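Visitor: There's a structure below that I have some questions on.
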Amino acid sequence: MYKAVVFDFDGTMIDTEKHLFEIINKHLKQHKQNEISLDYYRQSIGGAATALHNYLEEVLGIDNKNKIYEEHHETSVDLPIIESVQKLMDYCKQRHIPMAIATSSYREDILPTFKNLGLDAYIDIIVGREDVAAIKPNPDPYLTAVQKLNYNPTNCLALEDSVNGATAAVTAGLDVIVNTNEMTELQDFNEVAYIGKDLSAEEIIKLCFENNRG
């Protein structure tokens, strides 16, 4: 069985991806700009989203772009934890299996939501954008997380929702389960060597913790 679990945050623990997409289009509409398509937004998920940030700055200006992300972070605190993640965290906590978060977001941006959801009762380690030289799909976030957990990557399980994130985990040497959401379900995961996809908490537990894996 695995000795630790490393979670992605946005789109994996809570559905912030759809939330941000809707806020972006609300602001674009308010400024009488064309709304972005789902396909365009999906290309930005799981990484730096440079093209999306540049586009929003171009059509709205830096201050108005920043207001989008301020609203996103302020209102994300009310989003619920994805049910399968909650069940998996409960299982791990009961069995003293340590957990961490490896995210491409800034740690300080997710902390209000993290605390509001009570995740500090489960997770001691958060690796954010400010903690690494390069973010996903680069493996740095996962390498840093497992180093802080003091485990070999092969002893750790990653949970991701995007190609960029899953690629980062696999490149770092972790086994990864991909649980997609409405924003990532159409991404092409054919090049990702995941061990499971769109699994329930019960399926993850059976596959990764109760099959006598050495």
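The values are calculated or read from the model by the stated rules, or taken from the named source; none is laboratory data. This is a predicted model, so every value here is computed, not measured. Because the Cβ atoms are built from the backbone with ideal geometry, glycine has one as well, and the counts that use them run over all protein chains shown. Side chains included, ligands, DNA and RNA excluded: accessible areas come from the protein's heavy atoms. Shrake-Rupley method; radii C 1.70, N 1.55, O 1.52, S 1.80 Å.
Visitor: For the range 151-189 and the range 16-54, what is the centre-to-centre distance using only Cα atoms, to the nearest Å?
Guide: With the range 151-189 and the range 16-54 each reduced to a Cα centre, they are spaced 22 Å.
Visitor: For the range 130-207, taking Cα atoms only, what is the radius of gyration to one decimal and the Dmax to the nearest whole Å?
Guide: 12.4, 35
Visitor: If you don't mind, another one. What percent antiparallel are the DSSP beta bridges of the chain, to the nearest 5?
Guide: In the chain, approximately 5 percent of DSSP beta bridges are antiparallel ones.
Visitor: Per residue, how large is the accessible surface of the chain? Use a 1.4 angstrom probe and give square angstrom.
Guide: Working: 10170 Å² over 214 residues.
Heavy-atom SASA per residue in the chain reads 48 Å².
Visitor: Just to be sure I understand the curve: with the Debye formula and one point per C-alpha of the range 16-76, what is log10 I(q)/I(0) at q = 0.22 Å⁻¹?
Guide: With one equal scatterer per Cα and no solvent, log10 I(q)/I(0) is -0.89.
Visitor: Ranked from highest to lowest mean number of other Cβ atoms within 10 Å per residue, what is the order of the peptides 85-96, 3-14, 103-114?
Guide: Per-residue mean Cβ counts within 10 Å order the peptides as 3-14, 103-114, 85-96.
Visitor: Another question, then. Could you work out how far helix 16-30 tilts from the main Cα principal axis of the chain, as a 0 to 90 degree angle to the nearest 10?
Guide: Here the helix axis deviates by roughly 0 degrees.
Visitor: Excluding residues on the same chain fewer than 8 positions from Lys67, give the lysines whose Cα lies under 28 Å from its Cα.
Guide: Correct list for Lys67: Lys18, Lys26, Lys29, Lys32, Lys115, Lys136.
Visitor: Separate question: If I fit a long axis through the Cα atoms of helix 83-94 and take the longest principal axis of the Cα atoms of the chain, what angle between them do I get, 0 to 90°, rounded to 10?
Guide: Approximately 40 degrees, to the nearest ten.
Visitor: Now a separate question. Angle between the Cα long axis of helix 62-75 and the longest principal axis of the chain, 0 to 90 degrees, nearest 10?
Guide: 40 degrees
Visitor: So if the hydrodynamic radius of the chain is defined as the Kirkwood radius over C-alpha pairs, what does Stokes-Einstein give as its diffusion coefficient at 37 °C and 0.692 mPa s, in µm² per second? Before the final figure, lay out each step's value.
Guide: Values: Rh = 17.5 Å.
The estimated diffusion coefficient comes to 188 µm²/s.
Visitor: Another question, then. Under 8 Å for C-alpha pairs, at least 6 residues apart: give me the relative contact order for the range 115-214, rounded to a whole percent. Could you put the intermediate results ahead of the total?
Guide: Values: 124 pairs, mean separation 19.5, N = 100.
Result for the range 115-214 is 20 percent.
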